[in-house]
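Okay, structure first, notes after.
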Amino acid sequence: MTRGSNSGGGDLDRQLASYRNEFPVLQNKLYLNSCSLGAIPHRALDALDEFGGDWASEGTVAWEKWMKKSDLLRRRLADLLGVSPRTICLQPNVSAALASIASVMDFQSRSQVVSSTLEFPTVLYQWQTREGIDLRLADSPDGIGVPRESYVDLIGPDTALVPISHVLYGTGAIQDVRGITAHAHEEGARVLLDTYHSAGVMPVDLARLEVDFAVGGVLKWLCGGPGCAFLYVREDLLDELNPAGIGWFAHADQFAFSPEFEPSEDATKFSFGTPAVGPIYTALASLEIFEEIGMDQIREKNVALIDRLVEGARDLGLDMYSPEDPDRRGGAVFIGVDNPHEVLARLVEAEVVVDVRGGKVRVSPHFYNTREEIDAFLDLLA
Ligand SMILES: Cc1ncc(COP(=O)(O)O)c(C=O)c1O
């Protein structure tokens with residue numbers, strides 16, 4: 001099946017339609033699964049070729065360029081997240097970043113971690129598998145969002161850390177990050193924000209949100225591929241925090257090969273060892289597109305597509321398992337259908353890529369999708 005380009009109205013639609021040719025998967029599939037794996041653009045494929053070429057032609061000399069690319073990626077991610085590059089450290093994945101954060105917390109003085117039942121499992125396993133941590137989970141009264149009050153009930157003088165998602169992975173609900181953070185800080189607890197389902201599909205301003213730590217990755221909405229994640233540490237915490245279990249890339253002067261560890265002065269003190277370089281190339285190439293378009297525009301397009309999806313699903317009499325309030329909806333919606341696996345098989349047959357999660361069809365359009373594609377998807381649900 002070949003998908004045509006966007007014929008929706010408006011300058012933004014026209015501008016974004018010009019990006020469709022960048023994404024090969026859009027030629028073959030109705031691709032609505034960007035919250036799982038973002039589509040790879042041609043320029044990231046070219047970047048992979050460049051990576052191979054540099055390696056092939058330069059050998060170890062390529063490391064100079066690779067280190068520069070890694071630094072540039074930190075700067076690009078910092079711009080995207082509204083913070084200084086000093087506060088960003090590349091990580092192999094979010095789970096590793098969480099382990100580093102765990103290592104700088106003093107769980108003897110305060111033993112509680114307050115998270116929620118709707119967090120992504122890896123965020124909860126981190127605390128479940130450590131001795132001496134009292135993990136408390138805030139409830140979601142409607143199964144869609146976790147209100148500030150649910151956290152307020154649990155956060156207290158023994159709370160060390162509050163890991164929350166900006167957008168919940170299983171419902172697409174945007175959380176009241178500022179409200180929860182303000183309360184956590186009043187109680188002397190730190191806040192760790194998981195931005196995996198916000199960075200790349202809506203503006204994220206970590207400085208404004210005032211969180212202490214943040215994690216995320218380039219795999220999903222940022223279209224950068226697997227193998228590269230990031231950690232943010234608030235600038236004024238950098239001096240006082242000394243992570244354990246780090247690697248030689250965390251040294252202030254790693255190529256001195258000193259047997260004595262001396263931490264780097266910025267967030268790179270949270271680094272491990274040799275990074276996967278290919279994903280740095282692909283992430284840089286993909287991020288260029290996000291810079292060109294702008295995050296406000298990407299959010300505007302996503303909101304328009306999600307509004308259309310919600311309206312169309314409601315017209316079909318289907319239940320939504322995402323927030324009623326459009327302002328609290330992130331980039332994905334969850335639609336209830338009878339026999340979800342039968343529906344999924346039908347969609348697969350029609351070259352539609354979505355997922356079934358918790359018995360609901362999860363649909364996550366991105367800036368490169370069109371209103372016509374949403375309508376074609378809705379026709380298949382009817
Ligand atoms: C919200 C959220 N956090 C974390 C992760 C996983 O992190 P990683 O595989 O990078 O450890 C995912 C993966 O799907 C996720 O959706």
Applied in sequence order to the range 300-307, the curve 6.51 cos²θ - 1.76 cosθ + 1.60 (Karplus, θ = phi - 60°) yields integer Hz couplings, x standing for Gly and Pro, of 4, 5, 4, 4, 4, 5, 5, 4
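Give me Rg/Rg_expected for the range 48-290, where Rg uses Cα atoms only and Rg_expected = 2.2 N^0.38 Å with N residues.
That works out to 1.02 for the range 48-290.
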Residues whose built amide H sits under 5 Å from the amide H of LEU135, excluding neighbours closer than 5 in sequence, are VAL113
The set of residues whose placed amide H lies less than 5 Å from the amide H of VAL191, leaving out same-chain residues fewer than 5 positions away, is VAL162, ASP212, PHE213
For VAL233 the rounded accessible area (nearest 10 Å², probe 1.4 Å, non-protein molecules ignored) is 0 Å²
Scoring the range 48-290 by relative contact order with C-alpha pairs under 8 Å, at least six apart, yields a percentage of 24 percent
For the range 356-364, in residue order, the Karplus 3J(HN,Hα) values (coefficients 6.51, -1.76, 1.60; θ = phi - 60°; whole Hz; Gly and Pro = x) are 10, 10, x, x, 10, 7, 9, 10, 9
The longest stretch of the chain containing none of the GluC sites (Glu not before Pro) that sit in a DSSP loop with at most 12 other Cβ atoms within 10 Å is 1-130
Filtered pair list for the chain (Lys only, Cα < 19 Å, 8 or more apart or interchain) has a length of 4
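Per residue, how much accessible area does the chain have with a 1.4 Å probe, in Å²?
42 Å²
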Simple spin-label estimate for PHE255/ASP315, 7 Å along Cα→Cβ, in nm, reads 6.1 nm
Per DSSP, the loop-located chymotrypsin sites (Phe, Trp or Tyr not before Pro) within the range 21-124 having at most 15 other beta carbons within 10 Å are none
Going residue by residue through the range 231-245, the Karplus relation 6.51 cos²θ - 1.76 cosθ + 1.60 with θ = phi - 60° gives ³J(HN,Hα) values, rounded to whole Hz and with x marking Gly or Pro, of 10, 10, 10, 3, 3, 6, 9, 4, 5, 7, 9, 10, x, 9, x
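The values are calculated or read from the model by the stated rules, or taken from the named source; none is laboratory data. Quantities reported herein were computed from a predicted structural model and do not represent experimental measurements. Every residue, glycine as well, gets a Cβ built from its backbone with ideal geometry; the counts of neighbours run over all protein chains shown. SASA here: full protein model, heavy atoms, side chains in, ligands and nucleic acids out. Shrake-Rupley method; radii C 1.70, N 1.55, O 1.52, S 1.80 Å.
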